[in-house]
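Beneath this line is the structure, given in C-alpha cells, with notes to follow.
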Amino acid sequence: LVGRVGPDAVASPRRSTVPLVDYWRVPEQRLRDLWEQLRVRQPGDTDMHFEHEVPVQRGRGKSSFTDLMIFADDIAVAIEAKFTEPRYESVAAWLGEVPTTNRVDVLEGWLCAIEAATKASIQRDAVRDIPYQLIHRTASVCCVGRPKRLVVYQVFGDSPADYYAEDLGRFAAAIAAPERISFVVLGCACQSTD
C-alpha cells in the first residue's frame, strides 16, 4: 500500500497519508469499528480503494483523489484523512476574483453530480465559503451508484479542529438530504513514533 500511494504521499511524517495507512493496515477490525461508529449495520462484502480517482464531470481539470473510498452493497464511504494540514481554500478563493469559464464549469459539474445523487438542489451562493476540496470529495462519493453515501473526515491527532465540523455542517445544510448523504468527523488519537 505504501508503494502504491507514491513517494510524495509519504515524503513527510506529517502528511495525513502516514497515519491513514497505519490506521487501515489491518482493515478487518478497523471496518468493524467504522461501521459501529457510523451506526451502520455491518455489510457483508466490502471493497476498499485508496486514492480513489473520479475525473472532473465538466470542463477540464484534475481528477478528485479520495484518500480512501469504501464500497459495500448499499453504501459508499469517502474518507478524507486530516492530520496537520490547514483548512483548504474555499470555493470563492479557488474560483478567484474573475472566475474562468472552465473553473465555473468544473464546479458546476461537481455540484450537479451531488444534486443528481441526492435529489436536492444546492444554492450556489451557499457553497462559496465551503472548502473546494470538500465539494469534489462529496461529488466523488456521489458518482458511485449506492443509495446511501457518507463523507468522513478522519482527523488524526489530539482533537479535531472546530472548522472540520463547521464546514461539514454547513455543506450538509446546503444539500439538505440527510437520508441520501451524511457527513461525519471521526477523531482518531495517534501517537508519534520514531
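Pairing each residue of segment 42-67 that is of a type outside the set (D, E, K, R) with any residue that is in a strand (DSSP E or B) and open to solvent by 80 Å² or more (accessible area, probe 1.4 Å), provided the two are 6+ apart or on different chains, yields C-beta distances under 6 Å for Ser63/Glu53; Phe65/Glu53. Among the residues of segment 43-51, are any open to solvent by 30 Å² or more (accessible area, probe 1.4 Å) and part of a loop (DSSP other than H, G, I, E, B)? Yes, segment 43-51 contains at least one residue that is open to solvent by 30 Å² or more (accessible area, probe 1.4 Å) and part of a loop (DSSP other than H, G, I, E, B). Take the conditions (1) assigned to a helix (DSSP H, G or I); (2) within 23 Å of Arg128 (Cβ to Cβ); (3) open to solvent by 50 Å² or more (accessible area, probe 1.4 Å); Asp8 misses just one of them, which is (2). Does Val77 qualify as being closer than 25 Å to Arg170 by Cα, modelled with pLDDT of 95 or more and assigned to a loop (DSSP other than H, G, I, E, B)? So Val77 does not fit the description; no. Residues in segment 70-80: is at least one touching a residue at least 12 places away in the same chain (Cβ under 8 Å), among the hydrophobic types (A, V, I, L, M, F, W, C) and surrounded by fewer than 18 Cβ atoms within 10 Å (Cβ to Cβ)? No, there is no match, as no residue in segment 70-80 is touching a residue at least 12 places away in the same chain (Cβ under 8 Å), among the hydrophobic types (A, V, I, L, M, F, W, C) and surrounded by fewer than 18 Cβ atoms within 10 Å (Cβ to Cβ). A count restricted to segment 83-100 and to residues that are without any contact (Cβ under 8 Å) to a residue 12 or more places away in the chain and open to solvent by 40 Å² or more (accessible area, probe 1.4 Å) stands at 5.
Among the candidates Gly187, Gly169, the residue that is farther than 17 Å from Gln57 by Cβ, open to solvent by 20 Å² or more (accessible area, probe 1.4 Å) and in a strand (DSSP E or B) is uniquely Gly187. Selection of segment 136-180 for residues being under 14 Å from Leu38 (Cα atoms) and within 12 Å of the chain's Cα centre (by Cα) yields Arg149, Leu150, Val151, Val152, Tyr153, Gln154.
Against the test of being surrounded by 15 or more Cβ atoms within 10 Å (Cβ to Cβ) and under 24 Å from Arg41 (Cα atoms), the options Ile130, Ile181 yield a single qualifying residue, Ile181. Determine whether Thr84 is closer than 30 Å to Ala189 by Cα, polar (S, T, N, Q) and in a loop (DSSP other than H, G, I, E, B). Spelling it out, Thr84 is indeed closer than 30 Å to Ala189 by Cα, polar (S, T, N, Q) and in a loop (DSSP other than H, G, I, E, B).
Yes/no per residue for (1) among the charged types (D, E, K, R); (2) assigned to a loop (DSSP other than H, G, I, E, B); (3) under 16 Å from Asp67 (Cα atoms):
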{"residue": "Trp110", "(1), (2), (3)": "no, no, no"}
{"residue": "Ile114", "(1), (2), (3)": "no, no, no"}
{"residue": "Asp125", "(1), (2), (3)": "yes, no, no"}
{"residue": "Ile135", "(1), (2), (3)": "no, no, yes"}
{"residue": "Val141", "(1), (2), (3)": "no, no, yes"}
{"residue": "Val144", "(1), (2), (3)": "no, yes, yes"}
{"residue": "Val151", "(1), (2), (3)": "no, no, yes"}
{"residue": "Pro160", "(1), (2), (3)": "no, yes, no"}
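For first residues located in segment 137-156 and more than 17 Å from Gly109 (Cβ to Cβ), partners that are polar (S, T, N, Q) and lie 6+ apart or on another chain with Cβ distances below 6 Å form the pairs Leu150/Ser182; Val151/Thr138.
The values are calculated or read from the model by the stated rules, or taken from the named source; none is laboratory data. All figures in this text were calculated on a predicted structure; none of them were measured in a lab. Cβ coordinates were reconstructed from backbone atoms using ideal geometry, including for glycine residues, and neighbour counts include every protein chain displayed. To get the accessible areas, we keep the full protein, side chains included, count just its heavy atoms, and leave off ligands, DNA and RNA. Shrake-Rupley method; radii C 1.70, N 1.55, O 1.52, S 1.80 Å.
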